[in-house]
Amino acid sequence: MARAGCAGRHLECDIGTGGIFNNAVLFLVFFLSFVIRTLVSDGFAVNPETQEIYMQPFKYFINFVEMPPVSVLFLAGVVLVLFGIGKTILKSTFDKGIWFTGAGTVLTVLALLLVAGYNNTAYYPSYTDLQSSLTLSNSCSSEFTLKTMAYVSILVPFVLAYIFYAWRSIDRRKITEKEMEEGGHSY
């Protein structure tokens, strides 16, 4: 479904609002299926005293209940993703949906990773031998590795700032139809 005023074959024209809507529906179906299956499935719990790993019904749902900040993080991420998708579909001139959906995706995935690893949960389970599953306590690094990674992590804000700067400079000027038809590079 091409947008009005689209000349030629452009990505934005090809995808259009209908493509975004179809993708959003598929995403929501698969995401909701994943979340519901995760919340109602048995999880890999760890006994904090003995470090024994066992199967616990509704473990990941229990983790959300016992860790309210993670639940809030998850819900905020989902709301941001839905807002970005909804506003992009409903308002044809809105082109900032990626910022909301991007931030929402980061928050949602972070919350899911926290639910899968914190609160006495094996984050990398072994199906053949439960006691060989990885938990936070049995997979910790040495003090040297932790110190090295602490120093390296200081660089993360600079990398994020560079990505933000580069993206903003790319988005500063919109690509015109003439540039798309000419096919040359403007850089």
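In the range 102-151, which residues are in contact (Cβ under 8 Å) with a residue 12 or more places away in the chain and assigned to a loop (DSSP other than H, G, I, E, B)?
Y118, N119, N120, A122, Y123, P125, S133, T135, L136, S137, N138, S139
Say whether the condition of being under 30 Å from K178 (Cβ atoms), modelled with pLDDT under 90, touching a Cys at 6+ places or on another chain (Cβ under 9 Å) and in a helix (DSSP H, G or I) is met by at least one residue in the range 19-26.
Scanning the range 19-26 turns up no residue that is under 30 Å from K178 (Cβ atoms), modelled with pLDDT under 90, touching a Cys at 6+ places or on another chain (Cβ under 9 Å) and in a helix (DSSP H, G or I).
Could you tell me which of the residues T88, T121, T101 is buried (at least 16 other Cβ atoms within 10 Å of the Cβ) and closer than 28 Å to Q56 by Cβ?
Result: T121 is the single residue among T88, T121, T101 that is buried (at least 16 other Cβ atoms within 10 Å of the Cβ) and closer than 28 Å to Q56 by Cβ.
Output the residues belonging to the range 40-67 that are farther than 16 Å from N120 by Cα and either under 19 Å from the mean Cα position of the chain (by Cα) or among the β-branched types (V, I, T) (or both).
V40 - this is the single residue of the range 40-67 that is farther than 16 Å from N120 by Cα and either under 19 Å from the mean Cα position of the chain (by Cα) or among the β-branched types (V, I, T) (or both).
With the structure loaded, tell me whether S186 is modelled with pLDDT under 90, closer than 30 Å to V46 by Cα and not in a helix (DSSP H, G or I) or whether it fails that test.
It is false that S186 is modelled with pLDDT under 90, closer than 30 Å to V46 by Cα and not in a helix (DSSP H, G or I).
So F31 passes all but one of these: (1) more than 16 Å from the chain's Cα centre (by Cα); (2) modelled with pLDDT of 90 or more. Which condition number does it fail?
So F31 meets the others, but not (1).
The values are calculated or read from the model by the stated rules, or taken from the named source; none is laboratory data. Predicted model only: the values in this text are computed from it and were never measured. Here the Cβ is made from the backbone with ideal geometry for all residues, glycine too, and neighbour counts use every protein chain on show.
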